[in-house]
Structures are given as structure tokens and as C-alpha cells.
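The values are calculated or read from the model by the stated rules, or taken from the named source; none is laboratory data. These figures come from a predicted structure and were not determined experimentally. Virtual Cβ from ideal backbone geometry, glycine too; neighbours counted across all protein chains shown. For accessibility, only protein heavy atoms count, side chains too; no ligands or nucleic acids. Shrake-Rupley method; radii C 1.70, N 1.55, O 1.52, S 1.80 Å.
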Amino acid sequence: MSALTVSKEDEKRVKGMGFLNNRGTDLFSARVLTINGKVTAAQHRCMAEAAEKFGSGELLYTTRLSVEIPGIPYEKIDEFREFIAKENLVTGGTGAKVRPVVSCKGTTCQYGLLDSYAISEEIYKRFYEGYGDIVLPHKFKIAVGGCPNNCVKPNLNDVGIIGQRIPKVNTDICKGCKKCAIEAACPNKVAKVVDGKITIDETKCRHCGRCVGKCPFHTIEDGTYGYKIYVGGRWGKKVSKGRALSKIFTSREEALDVVEKAILFFRDHGNKGERFAETIERIGFENVEKELIG
């Protein structure tokens, strides 16, 4: 096929399959999906072989943790898809629908407060694969962060989940130490000894859990794990910082049900072409929150 002969119709068709045109050519980048950026060694070898066999020999990594393989001729697209399918790899991740989920490495990170791999895989299967035929007003991005360090910026996604650990404070056994280990451990400086007792400002505490187990007198020995959910975030030409729902969810199933409600609310109330952030702004955050957690 000579240069620039792919029709706009064919270009649109393969874009829906996850193949993006390389500017000024009839070559395409294949967007190979990962579940939260994790692939097996065998899958990585397969992608490398596919890049050499069909493309430019390069692997590019997207901000959404997918892999793009550029330089694939239009007429080789079907063959490429068959080649990567042997390692259960697929292309996609485009269009006005739920996009593949992004997560941090909270499962293995020392700061992780939730199993980010497990929950993001469940989100991928339940909402990316399970809702694959549901057309939304615009794309819908979901991110999972293992802790308030916010490495994958969940609050800049349409829906973001951040792991929490809410400290359980036993002030009865607090000694009011002049050099308080809990104060020293708090990265946000919201834990302070006041009138001889440790206090934590709940309006400012980010529930990172760093204070748990730090007191030698066992003032904070445990904390409740949970999920903080942000809605209405986005980045790009327009940036919106998502707002946190007022409730911290302590059940994974309950948190995922809120994600589902958010997707369906956007489907039912969003105007074509607008992002979830605009839907929330138009309807009002308080009204949307009532629908999600009421």
C-alpha cells in the first residue's frame, strides 16, 4: 500500500480497535492494553517480537500504562492482532467509554494501604471489559492509588480511589510526652500534643497511617483501612481537580458500587461531548454525591 492511501473511514475503524495513525503516513501505532501496567515476561517478549516483526522495533509507554507499538502498516493490523493474541494480549482503549484502569504499585509499595493490583484488576474486568458496549458521553478514566502520596493522581481522573488508614487513637493511655513519637511521624503535621494529650485534626488528616504503631505506649496501635473516592477530575486542555466524596468507604464492594453508580450516572445525565467534570459542575456536586452515596 502506497503512502497516504488509507481512507478516513478505515482510519476511524481501526482507531476503534486501538490503532492510531502515525502522522503523515499509512502506518499505525498499536495500543496494547495492560491491566494496571503489569505484564508477564512472556507478554513483554511477545510485544518486543511483534514490534520487530510488524513495526518500528520500538515500544512506547503511555501515561495510562498501555504499550504503543508504532510503525505498523495498515495491511498488517489483523496479522499483528493475531500474533499478540497468543499471549492473551489485546488492543483497544479508545472511544467514548470506560478506559483501561491505571493503578500505582501499592500492593508491593511500603506505603500501600490497599491491594491496588487486585482492585484495579477487578475494575478492569467489571467496568472496562464488562461495560465495553456501553457508550458514554465522553471517555471515562479511573485510577487507583494505594495511599495519599497520590503517585498516579487519582484525583485528576473521572473517578479516583485512594487507600486510607484512619488511626484509632486511645487518648486514655497517652502520656503527653514532650517529644511525641506520633507528632514526629506525622508527615502532614496534624498530630499534636495539646493539654497533655495527643490530638489529630480530622479535617486535615490525610489518613496515611504513618502514625500507627509509632507510640511506645501504644496510643495508636491500629487503624481502619478504607477507600477515599474522588469524582470529576481530569487533565489535558482543561484541568479539573476532583472532589472527594464525604464518606470514606471501608468495604471494597461498596467502593466499587460507587464507581458503577458514577459511570451509570454519567451515561444517563451527561451531555454528549462533555466530561464527567462538566456534568458534575452543571448538575452540582452535592446533587451528584446524593445519587452516589445516598
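Answer yes or no: is there a residue in the range 13-23 that is without any contact (Cβ under 8 Å) to a residue 40 or more places away in the chain, under 26 Å from S116 (Cα atoms) and either touching a Gly at 6+ places or on another chain (Cβ under 8 Å) or surrounded by fewer than 20 Cβ atoms within 10 Å (Cβ to Cβ) (or both).
No - not one qualifying residue is present in the range 13-23.
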Next item on the list: Select from the range 109-147 the residues that are in a helix (DSSP H, G or I), among the aliphatic types (A, V, I, L, M) and either touching a His at 6+ places or on another chain (Cβ under 8 Å) or buried (at least 24 other Cβ atoms within 10 Å of the Cβ) (or both) and list them in ascending order.
Entry: I119, I123
Next item on the list: May I ask you to list the residues in the range 225-239 that are touching a residue at least 60 places away in the same chain (Cβ under 8 Å) and either out of contact with any Lys or Arg (no Cβ under 7 Å at 6 or more places or on another chain) or of a type outside the set (V, I, T) (or both)?
Entry: Y225, G226, Y227, K228, I229, Y230, G232, G233, R234, W235, V239
Item checked: Any helices (runs of 4 or more DSSP H) falling wholly within the range 242-294 and containing at least 1 residues that are of a type in the set (A, V, I, L, M) and closer than 13 Å to P137 by Cα -> 252-269, 276-283
Next item on the list: Look at the range 205-224 and say how many of its residues are open to solvent by 20 Å² or more (accessible area, probe 1.4 Å), in contact (Cβ under 8 Å) with a residue 12 or more places away in the chain and on the phi > 0 side of the Ramachandran plot.
Entry: 1
Checklist line | Scope the range 237-267; condition in contact with a strand residue (DSSP E or B) (Cβ under 7 Å, 6 or more places away or on another chain), open to solvent by less than 20 Å² (accessible area, probe 1.4 Å) and either more than 17 Å from T279 (Cβ to Cβ) or at pLDDT below 95 (or both); matching residues | finding: F249, A255
Note to self: Contact list please: Cβ distance under 7 Å, first residue in the range 175-204 and closer than 16 Å to P148 by Cα and β-branched (V, I, T), second residue assigned to a loop (DSSP other than H, G, I, E, B) and open to solvent by less than 40 Å² (accessible area, probe 1.4 Å), pairs at least six apart or on different chains.
What the structure shows: V190/C205
